[in-house]
1. Of the residues that sit in the range 21-45 and are of a type in the set (Ser, Thr, Tyr) and more than 19 Å from Ala89 (Cβ to Cβ), which one is surrounded by the fewest Cβ atoms within 10 Å (Cβ to Cβ)?
2. Quick check, is Thr80 modelled with pLDDT of 95 or more and either out of contact with any helix residue (DSSP H, G or I) (no Cβ under 7 Å at 6 or more places or on another chain) or over 20 Å from Cys40 (Cα atoms) (or both)?
3. Name the residue that is modelled with the highest pLDDT, counting only residues in the range 1-20 that are surrounded by fewer than 10 Cβ atoms within 10 Å (Cβ to Cβ) and not in a helix (DSSP H, G or I).
4. Has the range 71-85 got any residue that is closer than 18 Å to Asp33 by Cβ, surrounded by fewer than 17 Cβ atoms within 10 Å (Cβ to Cβ), touching a strand residue (DSSP E or B) at 6+ places or on another chain (Cβ under 8 Å) and not β-branched (Val, Ile, Thr)?
5. Report yes if Gln60 is without any contact (Cβ under 8 Å) to a residue 12 or more places away in the chain, under 19 Å from Gln35 (Cβ atoms) and not hydroxyl-bearing (Ser, Thr, Tyr), otherwise no.
Amino acid sequence: MALRPFLLSCLAFAGALACSGNTVGQSCANAADCQSGQTCLLSDPGGYCTKGCSIAGDVQACPVGSICAAQDAGMYCSATCGGAGDCRAAYTCASVTPSTTTKACVN
């Protein structure tokens with residue numbers, strides 16, 4: 001039975017992580033809907049949680065699961081994808097740069 005408190009605390013911790021905000025590429029109505037340090041691009045369909053970056057194809061400047069890509073006349077971290085089914089409606093899974101095999105969900 002000593003394991004039960006440990007499991008409950010682990011579940012509480014996991015729940016807190018899951019509820020801590022949206023990740024890059026998820027819909028939003030304002031920056032408060034996104035994780036700390038991210039913003040909400042309201043010009044994108046359904047809003048788009050992201051953060052600014054400067055070099056297309058850079059993954060170091062972006063949260064895990066995202067890559068720097070051109071979007072909305074700027075450079076933003078965009079959710080990575082393997083195909084169209086990985087992106088939200090109104091977004092396309094496209095190559096970020098000719099020299100990068102990683103693709104991103106962009107509008």
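The values are calculated or read from the model by the stated rules, or taken from the named source; none is laboratory data. Keep in mind it's a predicted model, so treat the numbers as computed, not measured. When we count neighbours, we look across all protein chains shown, and the Cβ atoms used for this are built from the backbone with ideal geometry, even at glycine.
1. Ser36
2. When the stated conditions are applied, Thr80 passes them.
3. Ala2
4. no
5. Spelling it out, Gln60 is indeed without any contact (Cβ under 8 Å) to a residue 12 or more places away in the chain, under 19 Å from Gln35 (Cβ atoms) and not hydroxyl-bearing (Ser, Thr, Tyr).
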